[in-house]
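Here's the structure we're looking at; comments come further down.
The values are calculated or read from the model by the stated rules, or taken from the named source; none is laboratory data. What you see is a predicted model, and the numbers here were worked out from it, not measured in a lab. Note that we place each Cβ from the backbone using ideal geometry, even for glycine, and neighbour counts take in every protein chain shown.
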Ligand code: FUL
């Protein structure tokens, strides 16, 4: 190499290194899309299961329910929206078609729909009514279209696939913006199938042509997150109990996971080495069943149970999709709505008074401020100071320098406080990074561990810890392993009575 070239190379390297020391941390893929970021912000939203099953006391309708059976007398989508709003939810996902094949909207492609029922003398459209109610009450709308259809005679043939895609097209085009589209992975095989009453096997990976369906969702509803067992927008959490893993990565090795994937534990925790951002969604019903059964009026999950699920879902880097089995009148049952609203009030009581707001934070390492961009001096450039953690602003964050993947935050409270909740949030735009951390408090003499009883591994969008009350003026958070420089936007602590 000649001297001139050598000199030039070293100069470029020098410029690059001084620039990198002053810029934002490089993103670590996989990264969330802007739509996925907006979805994470939603945190809790409602599921509604409603259809002929409601009237026939079934969970998986066989596909043979007579249309006259579907007859809600007081159906009011605004009541659903009001309850969900009061329960702090940001949207509603409706079973437009469940496995029994009955359609809650006036589809052009089958008579097995709301048009043949006594509801509004066959002039109803519950998907449309809910879309309207959601618009009015400031909620987002999502739809569930069951791929498995136990009613249609041609289920299992190529014709059904066309039917499924045609129905998808109707739902994607006629009801305004959708925030999520749900493709259920369940398939039991047997069904009514036009009166044949037999078992039909299809290959859940290939039969429905999901790549085509996803493409249409992306084209027609670019903001909609696509749910299925393995994404591509968000994934099933691997249980219907509302629990994400204490370790929960928002990633999957996408090609390995398909509808009907049975390694549930992997869905609960994600794949630490996944190549695609596919965060977990915890679907759980407020009652034992997804559909309404009068005998379950006594079995509505308690406020305490729902609060626990919130910490185990939203508090573990997942979203909570809470199902209301709408009753035979067509309303969310008063017991369900009372528990859901009280649950929300309890969470607000527990987590609204942040005792660390404005607290002093010392970090063992902090990334240099951005002073120059492309060699130009920037006034008031971006800072990564630890004060960003307690400023109540999710857009400012604390970060460590390149090469520093462990750090300690020492937080001083203005006065001794009782604490029993902690919240940590990563700046996930740049990737989910933290692999392990621990929390300590100072009892006036020594540092003692905070015992949450949970594995303190991942953080992600939000991690909430509950622990026995401590009285302290100082907290210490030790990030002991990370996939790269640490980027956290918030640390908060609360005292829940
Ligand atoms: C499952 C379905 O089989 C249940 O009926 C329910 O819809 C639940 C949310 O998903 O796969």
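I want to confirm something. Restricting to the range 261-271 and keeping residues that are surrounded by 14 or more Cβ atoms within 10 Å (Cβ to Cβ) and in a loop (DSSP other than H, G, I, E, B), which single residue is modelled with the lowest pLDDT?
Filtering the range 261-271 down to residues surrounded by 14 or more Cβ atoms within 10 Å (Cβ to Cβ) leaves 261, 266-271.
Subsequent filtering for residues that are in a loop (DSSP other than H, G, I, E, B) retains 261, 270-271.
Numbers: 261: 94, 270: 98, 271: 98.
If we take residues in the range 261-271 being surrounded by 14 or more Cβ atoms within 10 Å (Cβ to Cβ) and in a loop (DSSP other than H, G, I, E, B), then 261 is modelled with the lowest pLDDT.
Condition first: buried (at least 17 other Cβ atoms within 10 Å of the Cβ), farther than 26 Å from residue 28 by Cα and under 29 Å from the mean Cα position of the chain (by Cα). Can you find one or more residues in the range 392-403 that meet it?
no
Out of all the residues in the range 49-58, which are outside any helix (DSSP H, G or I) and either within 11 Å of the ligand (Cβ to nearest atom) or within 28 Å of the chain's Cα centre (by Cα) (or both)?
Going through the range 49-58, the residues outside any helix (DSSP H, G or I) turn out to be 49-51, 57-58.
Across the range 49-58, the qualifying residues are 49, 50, 51, 58.
What number of residues within the range 59-70 are within 16 Å of the ligand (Cβ to nearest atom) and surrounded by fewer than 17 Cβ atoms within 10 Å (Cβ to Cβ)? Quick ask: steps written out before the conclusion?
Quick first cut of the range 59-70, residues within 16 Å of the ligand (Cβ to nearest atom) only: 59-63, 65.
Subsequent filtering for residues that are surrounded by fewer than 17 Cβ atoms within 10 Å (Cβ to Cβ) retains 59.
Summing the residues that are within 16 Å of the ligand (Cβ to nearest atom) and surrounded by fewer than 17 Cβ atoms within 10 Å (Cβ to Cβ) in the range 59-70 gives 1.
Let me spell it out: the conditions are (1) at pLDDT below 95; (2) within 16 Å of the ligand (Cβ to nearest atom), and residue 323 meets all of them except one. Which number is the exception?
(1)
When residue 193 is evaluated against the numbered criteria (1) more than 27 Å from residue 111 (Cα to Cα); (2) buried (at least 19 other Cβ atoms within 10 Å of the Cβ), which criterion, by number, is the only one it fails?
Just one mismatch for residue 193, condition (1).
Going by the structure shown, is residue 182 more than 16 Å from the ligand (Cβ to nearest atom), touching a strand residue (DSSP E or B) at 6+ places or on another chain (Cβ under 8 Å) and assigned by TED's automatic domain parsing to the domain that holds residue 97?
Judged against the criteria, residue 182 is not a match.
Residues of the range 272-302 being part of a loop (DSSP other than H, G, I, E, B) and under 30 Å from residue 27 (Cβ atoms), which ones? It would help to see each step written out before you state the result.
Within the range 272-302, the first condition is being part of a loop (DSSP other than H, G, I, E, B), and the residues that meet it are 272-275, 278, 286-293, 300-302.
272, 273, 274, 275, 278, listed by residue number.
Kindly list the number of the only condition in (1) closer than 26 Å to residue 186 by Cα; (2) over 21 Å from the mean Cα position of the chain (by Cα); (3) crowded, with 16+ Cβ neighbours inside 10 Å that fails for residue 158.
Here residue 158 clears every test but (3).
Restricting to the range 206-232, and then to whatever is assigned to a loop (DSSP other than H, G, I, E, B) and within 16 Å of the ligand (Cβ to nearest atom), can you tell me which residue is nearest to residue 165 (Cα to Cα)?
Applying the first criterion (assigned to a loop (DSSP other than H, G, I, E, B)) to the range 206-232 yields 206-209, 221-224, 229, 231-232.
Those left that are additionally within 16 Å of the ligand (Cβ to nearest atom): 208, 229, 231.
Working: 208: 8, 229: 19, 231: 18 Å.
The residue in question is 208.
Answer yes or no: is there a residue in the range 356-365 that is in contact with a helix residue (DSSP H, G or I) (Cβ under 8 Å, 6 or more places away or on another chain), away from the ligand (no atom under 16 Å from the Cβ) and at positive phi.
Scanning the range 356-365 turns up at least one residue that is in contact with a helix residue (DSSP H, G or I) (Cβ under 8 Å, 6 or more places away or on another chain), away from the ligand (no atom under 16 Å from the Cβ) and at positive phi.
Taking residue 369, is it without any contact (Cβ under 8 Å) to a residue 40 or more places away in the chain and surrounded by fewer than 16 Cβ atoms within 10 Å (Cβ to Cβ)?
Details: without any contact (Cβ under 8 Å) to a residue 40 or more places away in the chain: no; surrounded by fewer than 16 Cβ atoms within 10 Å (Cβ to Cβ): yes.
No.
When residues of the range 233-260 are filtered for being over 19 Å from the mean Cα position of the chain (by Cα) and assigned to a helix (DSSP H, G or I), how many remain?
The initial filter retains those residues of the range 233-260 that are over 19 Å from the mean Cα position of the chain (by Cα), namely 255-256, 260.
Adding the requirement that they be assigned to a helix (DSSP H, G or I) leaves 255-256.
Here the count works out to 2.
Only strands (runs of 3 or more DSSP E) wholly contained in the range 422-497 count here; list those with 1 or more residues that are closer than 23 Å to residue 280 by Cβ. I'd like the intermediate steps shown before the answer.
Numbers: elements: 434-442, 447-449, 463-482, 487-494.
Counting at least 1 such residues, we get 434-442, 463-482, 487-494.
So, in the range 429-445, of the ones that are in contact with a strand residue (DSSP E or B) (Cβ under 9 Å, 6 or more places away or on another chain) and loosely packed, with under 15 Cβ neighbours inside 10 Å, which residue ends up nearest to residue 272 (Cα to Cα)?
Looking only at the range 429-445, we keep the residues that are in contact with a strand residue (DSSP E or B) (Cβ under 9 Å, 6 or more places away or on another chain), and these are 429-444.
Next, from what is left, pick out any that are loosely packed, with under 15 Cβ neighbours inside 10 Å: 438, 443-444.
On the way: 438: 19, 443: 35, 444: 38 Å.
Per the criteria, the residue is 438.
From the list 172, 143, 168, pick out the single residue that is outside any loop (DSSP other than H, G, I, E, B), within 16 Å of the ligand (Cβ to nearest atom) and either farther than 29 Å from residue 330 by Cβ or modelled with pLDDT of 95 or more (or both). First the steps, then the outcome.
Working: 172 fails: within 16 Å of the ligand (Cβ to nearest atom); 168 fails: within 16 Å of the ligand (Cβ to nearest atom).
Answer to the selection: 143.
Being away from the ligand (no atom under 16 Å from the Cβ), crowded, with 19+ Cβ neighbours inside 10 Å and either farther than 22 Å from residue 339 by Cα or free of Cβ contacts under 8 Å to residues at least 60 places away in the same chain (or both) narrows it down to one residue among 117, 73, 110; which is it?
Working: 73 fails: crowded, with 19+ Cβ neighbours inside 10 Å; 110 fails: crowded, with 19+ Cβ neighbours inside 10 Å.
Only one candidate passes the filter, namely 117.
Taking into account only those residues within the range 72-105 that are part of a loop (DSSP other than H, G, I, E, B) and under 20 Å from the mean Cα position of the chain (by Cα), which is farthest from residue 39 (Cα to Cα)?
Within the range 72-105, the subset part of a loop (DSSP other than H, G, I, E, B) is 72-76, 87-90, 98-102, 104-105.
From the residues that got through so far, the ones that are under 20 Å from the mean Cα position of the chain (by Cα) too are 87-90.
Values: 87: 18, 88: 15, 89: 12, 90: 10 Å.
If we take residues in the range 72-105 being part of a loop (DSSP other than H, G, I, E, B) and under 20 Å from the mean Cα position of the chain (by Cα), then 87 is farthest from residue 39 (Cα to Cα).
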